[in-house]
Amino acid sequence: MQTHSHILHRQIRGSLPVAAQGQGVYIIDGDGKRYLDASGGAAVSSLGHSHPRVIAAIKGQIDKLAFAHSGSFTSEPAEALADYLVERAPAGIEHVYFVSGGSEAVESALKIARQYFLELGQPQRSKFIARRQSYHGNTLGALAVGGNMWRRQPFEPMLTDTEHIGPCYAYREQGAGETDLEYGRRAADELEAKVLEMGAENVIGFVAEPIVGATAGALVPAPGYFKRIREICDRHGILLILDEVMCGMGRTGSLFACEQEGVRPDIVTIAKGLGAGYLPIGAMLCSTEVFAAIRDGSGFFQHGYTFMGHSTACAAALAVQQAIDEEGLLANVRNMGSKLDAALRDCFAGHPHIGDIRGRGLFLGIELVADRASKEPLDPALAVHEVIKRHAMAGGLMCYPSGGTIDGKRGNHILLAPPFIVEQNHVAEIVEKLESALNAALREVGVMT
Ligand SMILES: Cc1ncc(COP(=O)(O)O)c(C=O)c1O
């Protein structure tokens, strides 16, 4: 346990164990304690820890050349990774802009979308529409499109003006007599109403996570929702920007989450699972149409970061993606994802404080409630998500509990996003440890006896 530190840690009061070693799905701390990494950090470590192929690729690249500035050079690993991604990306997505993480990817998406319309001679288009309860990153542009009120609130006066519509949140918003399709359509139609209210000629695009991760706990869209969203974007000539920083790169069982929605974005962002935590890397991918407007216009995307296209990060990410492909891990995501989902349902079927279990692939969320019938959330003052995290860590389990699921203040969920290499015995260990951490936390805060 590290008690004195010069690092400005996320939590300034308190102390953290030292992560000393990684071994497959486990992280081992300085005292030798093992933690099953059932959240991959924050849905990052999709390949687990210390994969020999990735380590070899990183070492091999460093032996040749660690980094050369992208203003003067391209590199073999960056070109190969771009080829790999474009070959597998939704149709029409043919250009890749490498960055170092999710927020940078989202900033790049917002800026290329704005520049696209400038190149087309439509400078009045300056506004984005996004959704409440989504998270797109902590830099100011990404935070402005983000819809989590708690994260936005301190910085509100500094955020650019963005309009938000509601999330697609069937558990809480679907009407009693409404079919899934009807609800999906109604939720998507909020976008059209907002575009008309703002005037389509002022709107750049709509930003959304296909499956909402950190701030809503693996919220899966209703059937037909994104198809309808695509139609609305096309009808009004606005761009569809999908943020797959958390849900992309295989997490839901397909390389891009939007494949399962049957829609093609104009711009898509990826990060976490791209390099799986071996090195920091993210990317913004865009359509030929967006790219061509800039190529045939100013010829220069007015943006850039020092470390973009970092050769060693690209070599690591390429090795990660090749390992996922060659080891058939997307099939394991689908297979183990349904086993984990079934095991959670089995375990929590009668639990008085589990209201909803949802998600896709190895991206699952559990929403907590005070009362299952009324769906009333637990008192936010209990901060039960923090207590769950403490008990889970004490029991050797990493999961990702959060508060504010419903509106940034009320509601709690636990997000699970284990590495794609999990096996049946790990699934059993996750559910067993989660149940004991959850019950211990609910007892500690006085909700359960
Ligand atoms: C959907 C989504 N977009 C963007 C981000 C920001 O990524 P980063 O923390 O790498 O900047 C996150 C991080 O959780 C995310 O979940």
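The values are calculated or read from the model by the stated rules, or taken from the named source; none is laboratory data. From a predicted model like this one, the values you see are computed outputs, not experimental measurements. Cβ: placed from backbone, ideal geometry, glycine included. Neighbour counts: every protein chain shown. Keep in mind that these areas ignore ligands, DNA and RNA; they rest on the heavy atoms of the full protein, side chains included. Shrake-Rupley method; radii C 1.70, N 1.55, O 1.52, S 1.80 Å.
Observations on the structure shown:
- Taking a sphere under 15 Å around the Cβ of residue 66 and counting the other residues whose Cβ falls inside, with K and R at +1 and D and E at -1, yields a net charge of 0.
- Filtered chymotrypsin sites (Phe, Trp or Tyr not before Pro), the range 260-310: DSSP coil and at most 13 other beta carbons within 10 Å: 300
- Normalising by residue count, the chain has a Cα convex hull of 150 Å³ per residue.
- For the range 216-319, the Kirkwood radius over C-alpha pairs fed into Stokes-Einstein at 25 °C and 0.890 mPa s yields D = 159 µm² per second.
- Carbon/sulfur fraction of accessible area - the range 95-211, other protein chains in place, 1.4 Å, %: 54 percent
- Put simply, the amide H of residue 282, placed in the peptide plane, has neighbours under 5 Å in 99, 100, 101, leaving out anything fewer than 5 places away on its chain.
- Residues whose amide H comes within less than 5 Å of that of residue 49, counting only those at least five positions distant or on another chain, are 23, 24, 25, 26 (H built at 1.01 Å from N in the peptide plane).
- Kirkwood Rh, angstrom, the range 302-449 [1 / mean 1/r, Cα pairs]: 17.0 Å
- Residue by residue, the range 143-152 carries 3J(HN,Hα) couplings of 5, 5, 7, x, x, 8, 4, 4, 6, 7 Hz when phi is fed to the Karplus relation 6.51 cos²θ - 1.76 cosθ + 1.60 (θ = phi - 60°); x denotes Gly or Pro.
- Fully extended contour minus Cα-Cα distance, from residue 231 to residue 64, at 0.36 nm per residue: 55.3 nm
- In nm, spacing of pseudo-spin labels at residue 153 and residue 444 (7 Å Cα→C-beta vector): 2.3 nm
- Under 14 Å, Cβ to Cβ, from residue 347 - net charge with Lys/Arg +1 and Asp/Glu -1: -2
- For the range 396-449 versus the range 58-114, the gap between their alpha-carbon centres in whole angstrom: 34 Å
- Greater than 29 Å apart at Cα, pairs in 194/389; 127/375; 59/389; 272/433: 194/389; 127/375; 59/389
- Applying Stokes-Einstein at 10 °C and 1.306 mPa s to the Kirkwood radius of the range 77-138, computed over alpha-carbon pairs, gives a translational diffusion coefficient of 115 µm² s⁻¹.
- Equivalent ellipsoid, the range 293-355 (semi-axes from 5 times Cα gyration tensor eigenvalues, Å): 43, 20, 12
- Here the accessible area is traced with a 1.4 Å probe on the protein chains. For the range 241-316, carbon and sulfur cover 56 percent of it.
- Phi to ³J(HN,Hα) by Karplus 6.51 cos²θ - 1.76 cosθ + 1.60 over the range 253-261, Hz, x for Gly, Pro: x, 10, 4, 10, 5, 5, 3, 6, 9
- A cut-off under 12 angstrom between Cβ atoms defines the neighbours of residue 440, and their net charge, with Lys, Arg +1 and Asp, Glu -1, is +2.
- Note on residue 55: accessible area is roughly 60 Å² with a 1.4 Å probe, heavy atoms of protein only.
- With Cα atoms defining each centre, the range 271-321 and the range 161-235 are spaced 27 Å apart in the structure.
- For the range 30-137: accessible area per residue (Å², 1.4 Å): 44 Å²
- Computed from backbone phi, the HN-Hα couplings of the range 408-415 come to x, 10, 8, x, 9, 9, 10, 9 Hz, rounded to whole numbers (Karplus: 6.51 cos²θ - 1.76 cosθ + 1.60, θ = phi - 60°; Gly and Pro given as x).
- When you filter the chymotrypsin sites (Phe, Trp or Tyr not before Pro) in the range 72-122 for DSSP loop state and at most 13 other Cβ atoms inside 10 Å of their Cβ, you are left with 73.
- One chain, two ends: residue 307 and residue 50. Fully extended at 0.36 nm per residue, the span grows by 90.2 nm beyond their Cα-Cα distance.
- Relative contact order %, the range 250-310, counting alpha carbon pairs below 8 Å whose residues are six or more apart: 21 percent
- Dividing the helix sum by the residues of the chain, where each DSSP H run of 4 or more adds -39500 (n - 2.57), gives a mean residue ellipticity at 222 nm of -12000 deg cm²/dmol.
- Furthest towards positive pole of dipole, 440, 369, 162, structure part the chain, Cβ charges: 440
- Whole-number percent relative contact order across the chain, with pairs defined as alpha carbons under 8 Å at least 6 apart: 22 percent
- Amide H contacts of residue 354 (H built 1.01 Å from N, under 5 Å, at least 5 apart or other chain): 369
- At R0 = 41 Å, FRET efficiency that the Cβ-Cβ distance of residue 432 and residue 374 yields, to 0.05: 0.90
- Computed with a 1.4 Å probe over protein heavy atoms only, the accessible surface of the range 393-449 comes to 37 Å² per residue.
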